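Trainee: What follows is a structure written as structure tokens; I'll ask about it next.
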Amino acid sequence: MGDEINPLTPLENKPPNLNHPKSSAAGIPAVISTMKYGIRNMGVINSITKLSKVNDFHGFDCPGCAWPDPDSHRSFAEFCENGAKAVSDEATKSRADSDFWSKWSVSELSQKSDYWLNSQGRLTEPMILNPDSKHYQPISWNDAFDIIADNLLSLDNPDEAIFYTSGRTSNEAAFLWQLLARRFGTNNLPDCSNMCHESSGVALNESIGIGKGTVTLDDFNSADLIIVVGQNPGTNHPRMLTALRDAKKKGASIISINPLIETGMKKFKHPQNPIEMLGFGSKIADKHLKVNINSDQALFRAFSKSLIESGNVDEIFIDKYTNGYDDYRKVVLESDFSELSDITGIPLQEILDVGEKVSQSKSTIVCWAMGITQHKNSVSTIQEIVNLLLLGGNIGKKGAGVCPVRGHSNVQGDRTVGINHKPSPIFIDSLEKSTGIRSPEKHGFDSVEAVKAMEEGIGKVFLAMGGNFLSAMSDTNRTSTALSNCNLTVHISTKPNRSHLITGETGLILPCLGRTEEDISQIVGKQFVTVENSMGIVHSSTGTFKPASDKLISEPAIVSGIAGALESRLERSGIPWKNLSENYNLIRDLIENTIPGFEDYNVRIKSKSGFYLPNPPRDSRTFKTKNGLANFISSDITYAKSLDKFMMMTIRSHDQYNTTIYGLDDRYRGIKNGRRVVLMNNKDIVNLGLSKGSMVDLSSEMKSGLVVSPNWFVVPYEIPEGNIATYFPESNILIPLDSVADRSNTPTSKSVPISITRSRNNL
């Protein structure tokens with residue numbers, strides 16, 4: 001291959017070992033897996049001491065998912081298996097230091113798997129890949145900041161710069177990041193929300209006037225009915241299983257809706273309950289509806305029809321708080337149950353049975369994740385979900401509401417404090433009043449638009465605050481080409497990932513402190529940061545352990561360094577960047593003065609469990625929509641379909657969190673030592689003349705022509721006919737960049753038409 005750099009994950013030539021999917025989640029296997037991973041990465045003593053601080057009142061927030069912690073108490077092990085792996089991964093003893101980068105060329109590293117790259121350990125000092133160089137080399141912090149400033153100032157206009165943000169970024173770092181971008185003169189602030197819950201934000205803002213969920217953790221204990229749709233809590237939000245188990249014990253019915261029957265929704269063995277661990281555990285879902293990919297809008301329309309025809313709508317709530325009911329009612333009643341059943345693939349009687357449960361429920365919660373948000377009709381689907389809840393008055397009352405379950409630990413907080421490529425006029429005015437910085441009014445690029453801008457030569461400097469943009473984005477080939485078109489790419493990171501290997505003319509890696517590590521200021525001593533979880537609670541996070549290297553600095557310090565170098569070449573803005581990075585209280589003061597809901601920020605954040613941000617629909621049934629009411633919004637029923645192709649959804653393995661690969665096993669699905677698999681219905685396998693373990697090629701039609709991804713191993717699985725599932729990021733190459741959700745522009749990673757052919761390399 002010579003010096004060729006591979007943007008894709010390497011092929012696998014050996015089939016995985018396959019067993020039956022597990023019947024229960026967590027339990028003893030989860031404990032064993034957690035300890036093995038922790039001891040391998042941190043050692044015995046560190047595993048015990050560091051994990052005891054996860055989500056503790058005086059410890060650090062889990063760098064994994066954004067599921068909330070209990071308000072009033074914390075258990076000794078307030079974490080899940082994947083949360084423990086996220087901590088162990090960050091606190092690993094392994095180091096990707098300058099010796100590592102001198103040993104391996106960028107080309108050689110690109111032939112390694114994502115799992116291998118991640119396992120090399122923590123970055124220890126700033127590194128630069130110079131033009132025509134094959135190896136990253138060390139660089140001083142000041143020189144790195146100077147290079148960034150010089151490249152920014154060489155641009156013809158500020159909109160040629162792109163400031164990307166990962167959901168692990170703290171409130172403090174995120175606020176400074178958006179302030180830097182806007183001080184430079186651009187709203188090009190794409191973030192990981194664009195790829196996941198952007199559809200939720202668009203839909204909910206139109207329907208109820210806020211782009212967030214309306215439930216608290218305590219609401220789960222008061223719910224009659226909880227619907228979990230397009231989500232796999234057992235792998236992606238494992239602590240949610242505790243909430244579902246507790247709700248079940250208090251009498252709630254739970255319905256699971258997903259093309260795959262996931263282990264976590266079958267049975268849960270609580271790791272901190274010896275009786276459950278050693279016994280049968282707790283059944284979670286009372287009913288599973290195995291829907292066709294992207295048929296959820298039709299299914300919820302059927303539920304609404306059941307509810308309206310039952311006569312159990314909350315007419316008082318509808319009359320007082322909503323708009324558009326009569327029109328929506330007419331549309332629903334004209335819908336045909338049989339047609340809706342055909343779309344979903346669910347027998348009509350099953351739909352009617354669940355519809356009756358919905359109609360009888362006095363308090364309903366609907367939870368969803370990316371199985372809902374990453375389709376062309378995602379916004380309409382989410383609004384159909386909201387319509388159902390409005391019919392029953394299930395907004396702003398105990399045990400009821402919308403629950404979009406976020407991924408990264410602070411992805412919601414980042415948006416709250418200003419990471420938004422479409423800032424509102426109110427935010428722009430408020431930011432100017434508090435900081436003196438006037439944001440441009442022109443909207444910036446989201447993630448898809450950023451790729452297209454770099455592809456076209458409009459975006460020339462790409463700076464990423466965390467994340468693994470190349471592997472997270474759709475259409476890996478186009479994303480790779482786009483990044484390599486840049487003059488400069490900068491990645492603020494903790495560990496090596498594939499994005500570090502596809503650079504602009506010059507590439508920089510800036511290593512930062514992790515969530516687990518002490519952040520010491522010479523001015524104020526030990527510092528803490530804050531984050532916002534999925535239910536709108538802002539709380540503190542204090543790193544407690546020695547940094548992986550004495551050359552690491554915090555994310556706010558990196559932003560300050562870039563800003564300082566920039567301002568030394570420009571007229572001073574008056575922002576005390578260095579002071580802000582040395583005293584996070586000052587950043588929180590700016591946030592308080594800019595964003596409603598953060599009053600007395602530095603005082604209230606000292607509360608052990610933090611504080612709730614205002615949530616008008618939840619708090620007072622106030623809806624800050626254009627008309628001041630919650631809106632029934634009806635759309636035509638649409639769904640992804642293809643007569644001659646399979647419909648693919650991307651999924652994660654159990655040994656994975658977002659783009660970070662912890663291992664090559666998917667314990668719950670019975671897949672071991674392999675990730676390049678395609679989960680298929682057995683009838684489809686037989687019809688194609690294939691068998692378990694057959695090697696196939698997957699192909700996707702794009703504007704540029706047919707894209708073929710070779711060497712996928714067939715795994716029989718319980719999934720509807722015509723539907724398939726693959727792991728990302730391996731299958732991201734098959735997701736067209738131009739295939740996006742209406743109005744949110746989110747990649748349609750959960751509904752991709754795919755052709756399957758026997759591989760020429762078939763074993």
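The values are calculated or read from the model by the stated rules, or taken from the named source; none is laboratory data. Quick caveat, the model's predicted, so the values are computed rather than measured. Reconstructed Cβ throughout: ideal geometry from the backbone, glycine too, with neighbour counts over all protein chains shown.
Trainee: Check Ile733, Ile719, Ile724 and return the single one that is touching a helix residue (DSSP H, G or I) at 6+ places or on another chain (Cβ under 7 Å) and among the aliphatic types (A, V, I, L, M).
Mentor: Ile733
Trainee: Among the numbered conditions (1) modelled with pLDDT under 95; (2) out of contact with any Asp or Glu (no Cβ under 8 Å at 6 or more places or on another chain); (3) small (Gly, Ala, Ser), tell me where Ser691 comes up short.
Mentor: That leaves (1) as the condition not met.
Trainee: Just checking, which of Ile372, Ile385 is assigned to a helix (DSSP H, G or I) and either among the hydroxyl-bearing types (Ser, Thr, Tyr) or in contact with a Gly (Cβ under 7 Å, 6 or more places away or on another chain) (or both)?
Mentor: Step by step, each of Ile372, Ile385 is checked, and only Ile372 is assigned to a helix (DSSP H, G or I) and either among the hydroxyl-bearing types (Ser, Thr, Tyr) or in contact with a Gly (Cβ under 7 Å, 6 or more places away or on another chain) (or both).
One line per residue, one yes/no per condition, for (1) in contact with an Asp or Glu (Cβ under 8 Å, 6 or more places away or on another chain); (2) within 27 Å of Thr746 (Cα to Cα); (3) surrounded by 24 or more Cβ atoms within 10 Å (Cβ to Cβ):
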{"residue": "Phe303", "(1), (2), (3)": "no, yes, yes"}
{"residue": "Ser310", "(1), (2), (3)": "yes, no, no"}
{"residue": "Asp314", "(1), (2), (3)": "no, no, no"}
{"residue": "Leu333", "(1), (2), (3)": "yes, no, no"}
{"residue": "Ser338", "(1), (2), (3)": "no, no, no"}
{"residue": "Pro347", "(1), (2), (3)": "no, no, no"}
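Trainee: Step by step: first the residues of the range 218-232, then only those that are under 17 Å from Ile257 (Cβ atoms) and either modelled with pLDDT under 85 or among the polar types (S, T, N, Q) (or both), then the one that is surrounded by the fewest Cβ atoms within 10 Å (Cβ to Cβ). Which residue is that?
Mentor: Asn232
Trainee: Ok, one more. List the helices (runs of 4 or more DSSP H) that sit entirely inside the range 100-172 and contain at least 2 residues that are out of contact with any Cys (no Cβ under 6 Å at 6 or more places or on another chain), assigned by TED's automatic domain parsing to the domain that holds Leu580 and of a type in the set (Val, Ile, Thr).
Mentor: Helices (runs of 4 or more DSSP H) meeting the threshold: 141-153.
Trainee: Out of the residues in the range 404-426 that are among the hydrophobic types (A, V, I, L, M, F, W, C) and either surrounded by 17 or more Cβ atoms within 10 Å (Cβ to Cβ) or assigned by TED's automatic domain parsing to the domain that holds Glu384 (or both), which is nearest to Tyr601 (Cα to Cα)?
Mentor: Applying the filter and picking the extreme gives Val417.
Trainee: Go through the range 503-519 residue by residue and tally those that are of a type outside the set (Asp, Glu), over 30 Å from Phe598 (Cα atoms) and surrounded by fewer than 24 Cβ atoms within 10 Å (Cβ to Cβ).
Mentor: 2
Trainee: Another question, if that's okay. Which condition number does Thr594 fail, the rest of (1) buried (at least 18 other Cβ atoms within 10 Å of the Cβ); (2) within 23 Å of Ile372 (Cβ to Cβ) being met?
Mentor: All conditions are met except number (2).
Trainee: Kindly evaluate Asp738 against the criterion of being more than 28 Å from Ile257 (Cβ to Cβ), in contact with a Phe, Trp or Tyr (Cβ under 8 Å, 6 or more places away or on another chain) and not aromatic (Phe, Trp, Tyr).
Mentor: Judged against the criteria, Asp738 is not a match.
Trainee: For a quick check of your reading: which helices (runs of 4 or more DSSP H) sit entirely within the range 394-490 and have at least 1 residues that are among the hydrophobic types (A, V, I, L, M, F, W, C) and in contact with a strand residue (DSSP E or B) (Cβ under 7 Å, 6 or more places away or on another chain)?
Mentor: Correct list: 447-455, 469-472, 476-484.
Trainee: Right, here's the next one. Confirm whether Val686 is buried (at least 18 other Cβ atoms within 10 Å of the Cβ) and either over 29 Å from the mean Cα position of the chain (by Cα) or outside any loop (DSSP other than H, G, I, E, B) (or both).
Mentor: It is false that Val686 is buried (at least 18 other Cβ atoms within 10 Å of the Cβ) and either over 29 Å from the mean Cα position of the chain (by Cα) or outside any loop (DSSP other than H, G, I, E, B) (or both).
Trainee: Name the helices (runs of 4 or more DSSP H) wholly within the range 566-672 that hold at least 1 residues that are under 30 Å from Ser521 (Cα atoms) and in the same structural domain as Asp143 (by TED's automatic domain parsing)?
Mentor: Result: 577-582, 584-594.
Trainee: For the range 284-307, which positions are in a loop (DSSP other than H, G, I, E, B), in contact (Cβ under 8 Å) with a residue 60 or more places away in the chain and touching a Ser or Thr at 6+ places or on another chain (Cβ under 7 Å)?
Mentor: Val291, Asn292, Ile293, Asn294, Ser295
This table checks each residue for (1) closer than 21 Å to Ser193 by Cβ; (2) among the hydrophobic types (A, V, I, L, M, F, W, C); (3) buried (at least 23 other Cβ atoms within 10 Å of the Cβ); (4) at pLDDT 95 or above.
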{"residue": "Ser704", "(1), (2), (3), (4)": "no, no, no, no"}
{"residue": "Val707", "(1), (2), (3), (4)": "no, yes, no, yes"}
{"residue": "Pro710", "(1), (2), (3), (4)": "no, no, no, yes"}
{"residue": "Pro729", "(1), (2), (3), (4)": "yes, no, yes, yes"}
{"residue": "Ile735", "(1), (2), (3), (4)": "yes, yes, yes, yes"}
{"residue": "Asp742", "(1), (2), (3), (4)": "yes, no, no, yes"}
{"residue": "Thr746", "(1), (2), (3), (4)": "yes, no, yes, yes"}
{"residue": "Ser749", "(1), (2), (3), (4)": "yes, no, yes, yes"}
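Trainee: Working only within the range 111-146, note down all residues that are farther than 28 Å from Ile562 by Cα and buried (at least 21 other Cβ atoms within 10 Å of the Cβ).
Mentor: The answer is Asp114, and nothing else.
Trainee: Being over 30 Å from Ala298 (Cβ atoms), buried (at least 21 other Cβ atoms within 10 Å of the Cβ), of a type outside the set (Val, Ile, Thr) and modelled with pLDDT of 95 or more, is that true of even one residue in the range 623-639?
Mentor: Within the range 623-639, none of the residues are over 30 Å from Ala298 (Cβ atoms), buried (at least 21 other Cβ atoms within 10 Å of the Cβ), of a type outside the set (Val, Ile, Thr) and modelled with pLDDT of 95 or more.
Trainee: Here is a further query. Suppose we filter Ser200, Ser170, Ser193 for residues that are small (Gly, Ala, Ser), more than 30 Å from Leu513 (Cα to Cα) and surrounded by 23 or more Cβ atoms within 10 Å (Cβ to Cβ); which single one remains?
Mentor: Ser200
Trainee: Can you confirm whether the range 277-284 contains a residue that is assigned by TED's automatic domain parsing to the domain that holds Ile395, among the aromatic types (Phe, Trp, Tyr) and surrounded by fewer than 16 Cβ atoms within 10 Å (Cβ to Cβ)?
Mentor: Looking for residues that are assigned by TED's automatic domain parsing to the domain that holds Ile395, among the aromatic types (Phe, Trp, Tyr) and surrounded by fewer than 16 Cβ atoms within 10 Å (Cβ to Cβ), one finds at least one in the range 277-284, hence yes.
Trainee: Is it the case that the range 65-83 has a residue that's more than 26 Å from the chain's Cα centre (by Cα), modelled with pLDDT under 95 and on the phi > 0 side of the Ramachandran plot?
Mentor: The answer is no; no qualifying residue exists.
Trainee: Right, another one. Quick check on Val379: is it in contact (Cβ under 8 Å) with a residue 60 or more places away in the chain and outside any helix (DSSP H, G or I)?
Mentor: No; evaluated as a whole, the condition is false for this residue.
Trainee: Another question, if that's okay. Out of everything in the range 520-555 that is polar (S, T, N, Q) and not in a strand (DSSP E or B), what residue ends up being farthest from Glu592 (Cα to Cα)?
Mentor: Among those that are polar (S, T, N, Q) and not in a strand (DSSP E or B), it is Ser549.
Trainee: Within the range 501-519, restricting attention to residues that are under 21 Å from Gly59 (Cβ atoms) and assigned to a strand (DSSP E or B), which residue is modelled with the highest pLDDT?
Mentor: It comes out as Cys512.
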